[in-house]
Amino acid sequence: MRRIDPTTWSVVSPLLDKAVDLDPAARAGFLREVRQMHPAAADVLEELIASHDALLHSDFLQATAVSTPF
């Protein structure tokens, strides 16, 4: 994941909030609109959405930090 500077984050953050609440078809349309207005922000947004989706479909929160013998 790339570092996101504060200026880019101020653009991307509200877009990310909206994008993660959309269903996949609506999200694709939303990303197309963002790409027309802010191509660089759309690249970052797509990376963040992919990371978000990967975490949602993983067992990240179900895994234990330490194994216990019990």
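So, taking all protein chains as they sit and a 1.4 Å probe, how much accessible area belongs to GLU46, in Å² rounded to tens?
80 Å²
What is the extension gain from LEU55 to GLU33, computed as 0.36 nm multiplied by their sequence separation minus the C-alpha to C-alpha distance, in nm to one decimal?
Gain on stretching LEU55 to GLU33: 5.4 nm.
Apply the Karplus curve 6.51 cos²θ - 1.76 cosθ + 1.60, θ = phi - 60°, to the phi angles in segment 37-48 and return the couplings in whole Hz, x for Gly and Pro.
Computed from phi, the couplings for segment 37-48 are 8, 9, x, 5, 5, 5, 4, 5, 4, 4, 5, 5 Hz.
HN-Hα J couplings of segment 20-29 from phi, Karplus 6.51/-1.76/1.60, θ = phi - 60°, integer Hz, Gly and Pro as x?
Once rounded to whole Hz, the list reads 5, 8, 8, 6, x, 5, 5, 4, 4, x.
The values are calculated or read from the model by the stated rules, or taken from the named source; none is laboratory data. Just so we're clear, the structure is a prediction, and the values are computed from it rather than from any experiment. To get the accessible areas, we keep the full protein, side chains included, count just its heavy atoms, and leave off ligands, DNA and RNA. Shrake-Rupley method; radii C 1.70, N 1.55, O 1.52, S 1.80 Å.
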